[in-house]
Structures are given as C-alpha cells and as structure tokens.
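Asks: Mind looking over this structure? Questions follow.
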Amino acid sequence: MGGVSFLGTNRSAIHQAVAEILAKAKEFREAFGAEPQARSLEWAALQVERALRDESEQLLTLTQAAELSGYHPDSLARMVRDGQIPDLRPPNSKGRIRIRRADLPIKPGRPHTPDADVRELASRLARRGKEGRYGHP
C-alpha cells in the first residue's frame, strides 16, 4: 500500500516507557532487594499493557476510523473490499463494516499515536509469512 502506515506497526513512547518501568523493577529487585517496590512497578506496567491491548482491539465504524486515520470513509471501505484491511463483521453479514483500531491505516504525514501491542505486529507478520516472502506464494 505504498506510503500507508498502520497504527499497530510502530512502537510508541508508551511501549518504551513500559519497558523502562520493567527494567527499573528488575534493578530494584537485583540491586536493592526491594521486592515490594519491584512488584508494584511490574503491576503498574501490566495495567498499562492491558489498557494498550484493549484499545488496539477496539472495533471502529468507518466514520470513526476516518476521523482517526485521515482517510475518507469510502477509501477505507475500498481498502476493506480489496483485502488491505480486515473486515471484522460477522461472516455473511450485510451490516456496517468494522475495522479493528490496530489495523487502521494512517494517512502519510498525519500525526498519530500508535497504540497496538507486539501481539498485533506478530499477527501481521504471520499473515505475511503465509503469503510467502515479498507477497509471493
């Protein structure tokens, strides 16, 4: 999709902060024997990771997706029809298209805050692996 980036494919400052919190917990445990403080930091990091994961799994209507992505709803609908974005409606449904926030493309040059976790990226890589390297079978 030349030039299109996805919310879920970039590592955000929040993900980096979680990694730093976990590193600090390890330091507290190993350097100072501060087990309660280390556990508190690990608990806080887990809460942030859960919130990020829950947000990335949010299902959006075309209108909501358009507001976040900068693309027109018709362009997003075309991307869904072309298979560039997964359609998360129930099978054989004629209802409104639903797009997972983590699958949402962001128009080039539009500022955004990526919010999906590593699991979403791994899912994309696994799908690409099934198609073969560089999209060839």
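Asks: Taking residue 117 as the residue in question, decide whether it is outside the structural domain of residue 21 (by TED's automatic domain parsing), acidic (Asp, Glu) and modelled with pLDDT of 90 or more.
Replies: Criteria not met by residue 117.
Asks: I've got another one for you. Just wondering, is there one or more residues in segment 40-51 that are assigned to a helix (DSSP H, G or I), touching a residue at least 24 places away in the same chain (Cβ under 8 Å) and not hydrophobic (A, V, I, L, M, F, W, C)?
Replies: Yes, segment 40-51 contains a residue that is assigned to a helix (DSSP H, G or I), touching a residue at least 24 places away in the same chain (Cβ under 8 Å) and not hydrophobic (A, V, I, L, M, F, W, C).
Asks: Next up: Considering only segment 16-39, state which residues are among the polar types (S, T, N, Q) and either in contact (Cβ under 8 Å) with a residue 24 or more places away in the chain or in contact with a helix residue (DSSP H, G or I) (Cβ under 8 Å, 6 or more places away or on another chain) (or both).
Replies: Of everything in segment 16-39, just one residue is among the polar types (S, T, N, Q) and either in contact (Cβ under 8 Å) with a residue 24 or more places away in the chain or in contact with a helix residue (DSSP H, G or I) (Cβ under 8 Å, 6 or more places away or on another chain) (or both), namely 37.
Asks: A further question on this structure: Would segment 60-68 turn up any residue that is touching a His at 6+ places or on another chain (Cβ under 9 Å), closer than 30 Å to residue 18 by Cα and at pLDDT 85 or above?
Replies: yes
Asks: Test residue 123 against the stated conditions and say whether it is among the small types (Gly, Ala, Ser), modelled with pLDDT of 80 or more and farther than 20 Å from residue 13 by Cβ.
Replies: no
Asks: Turning to a different aspect of this structure: If residue 46 satisfies all but one of (1) surrounded by fewer than 14 Cβ atoms within 10 Å (Cβ to Cβ); (2) over 30 Å from residue 96 (Cα atoms); (3) modelled with pLDDT of 95 or more, what's the number of the condition it fails?
Replies: Residue 46 satisfies every listed condition except (3).
Asks: Given the conditions (1) at pLDDT below 90; (2) exposed (fewer than 14 other Cβ atoms within 10 Å of the Cβ); (3) assigned to a loop (DSSP other than H, G, I, E, B); (4) not charged (D, E, K, R), and given that residue 134 satisfies all but one, which numbered condition is not satisfied?
Replies: Failing condition for residue 134: (3).
Asks: Of all residues in segment 71-110, which are under 21 Å from the mean Cα position of the chain (by Cα), farther than 29 Å from residue 51 by Cβ and not in a helix (DSSP H, G or I)?
Replies: Correct list: 72, 82, 83.
The values are calculated or read from the model by the stated rules, or taken from the named source; none is laboratory data. Nothing here was measured: the structure is a model prediction, and the numbers come from that model. Reconstructed Cβ throughout: ideal geometry from the backbone, glycine too, with neighbour counts over all protein chains shown.
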